[in-house]
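Colleague: Starting off with a structure, shown below.
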Amino acid sequence: MFNIFKITGTAITVICFFIIGEYFACRKALRGDQLTEIGLGIGFLRGDMELNMSPAVISCENISERLKEPVKDIFKEFSERLKGGESIDRAWIRALTYNYEKTYLKAEDIEALYPFGKIIECLDIEKQDRGMELTVGYIDRKTKELKNELSGARRLYRSLSVLTGLLTAVLLL
């Protein structure tokens, strides 16, 4: 009877550590997905501003409806802050900062996205276009880096989590 509890406890410990390892492995994938989604939103914004000559407020509101959570919240917050009378640059920074906790983005990603508000604020369409290309270029580079790191990191987290679970189980026995 006592051995059944030991075996059950050991199995639960290993499974829990495996789940923790999977969580950490998935964070990189989710970060890449969210960066891609922001790049998609910037592409939509770029197209809407160029083709429809829509102001940023209306464009961001329309774009936020096409994106997934939590990136949707960033563009929605940006639009609401613009409606409230904030400058484009300040509204973008605050929208990113306000929604940072909901995302899997790192501080370096947020800092790299901050200048985008100044890019949109610029009146020269050519400079806006180049700036948007630079922002999307950063997102593409970072996404490729994350994809390259992902398979190795996933194996590493899985192995470490299972080994930690087994070590913990041995110590508890």
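Colleague: Can you find, among 168, 99, 131, the residue sitting farthest towards the positive end of the charge dipole of the chain, where Lys and Arg contribute +1 and Asp and Glu -1 at Cβ?
Modeller: Looking along the dipole axis, the top candidate is 168.
Colleague: Follow-up question, since we're still on this one. Going through region 75-107, which chymotrypsin sites (Phe, Trp or Tyr not before Pro) have at most 16 other Cβ atoms within 10 Å and a DSSP loop state?
Modeller: 104
Colleague: Next up: Relative to the longest principal axis of the C-alpha atoms of the chain, give the angle of the C-alpha long axis of helix 71-83, reported between 0 and 90° and rounded to the nearest 10°.
Modeller: 30 degrees
Colleague: Between region 1-39 and region 99-113, what's the alpha-carbon centroid distance in Å?
Modeller: Each part reduced to its Cα centre gives a spacing of 23 Å.
Colleague: Taking 7 Å along the Cα-to-C-beta vector as the label spot, tell me the residue 162-residue 6 distance in nanometres, rounded to one decimal.
Modeller: Reported label-point gap for residue 162 and residue 6 is 2.3 nm.
Colleague: Taking only protein heavy atoms into account and a 1.4 Å probe, give the accessible area per residue of region 1-50 in Å².
Modeller: About 57 Å² of surface per residue is accessible.
Colleague: Over region 19-173, what is the mean sequence separation of C-alpha contacts under 8 Å (at least six apart), divided by residue count, expressed as relative contact order in percent?
Modeller: Once normalised by length, the contact order is 32 percent.
Colleague: Over region 1-106, what percent of the accessible surface lies on carbon and sulfur atoms, probe 1.4 Å?
Modeller: Carbon with sulfur: 62 percent of the solvent-accessible area.
Colleague: Further, regarding this structure: Given (1) 18.6; (2) 18.3; (3) 17.3, which label gives Kirkwood radius over Cα pairs in Å as computed from the coordinates?
Modeller: Working out Kirkwood radius over Cα pairs in Å from the coordinates points to (2).
Colleague: What percentage of the solvent-accessible surface of region 127-173, computed with a 1.4 Å probe over protein heavy atoms, is contributed by carbon and sulfur atoms?
Modeller: About 61 percent, which is the carbon plus sulfur part of the accessible surface.
Colleague: Now for a separate question. What is the helix-to-structure angle for 125-172, meaning the angle in degrees between its Cα long axis and the longest Cα principal axis of the chain, kept from 0 to 90 and rounded to the nearest 10?
Modeller: With both axes taken from Cα atoms, the answer is about 10 degrees.
Colleague: With θ set to phi - 60° and the Karplus curve 6.51 cos²θ - 1.76 cosθ + 1.60, what are the ³J(HN,Hα) couplings of region 20-37 in order, to the nearest whole Hz, using x for Gly and Pro?
Modeller: 4, x, 5, 4, 5, 5, 6, 4, 5, 5, 5, 4, x, 4, 5, 5, 4, 5
Colleague: Between residue 133 and residue 101, what is the label-point separation in nm under the 7 Å Cα-to-beta-carbon projection?
Modeller: Reported label-point gap for residue 101 and residue 133 is 3.9 nm.
The values are calculated or read from the model by the stated rules, or taken from the named source; none is laboratory data. Computed from a predicted structure; not experimentally measured. All Cβ positions, even for glycine, are placed from backbone atoms using ideal geometry, and neighbour counts span all protein chains on display. For accessibility, only protein heavy atoms count, side chains too; no ligands or nucleic acids. Shrake-Rupley method; radii C 1.70, N 1.55, O 1.52, S 1.80 Å.
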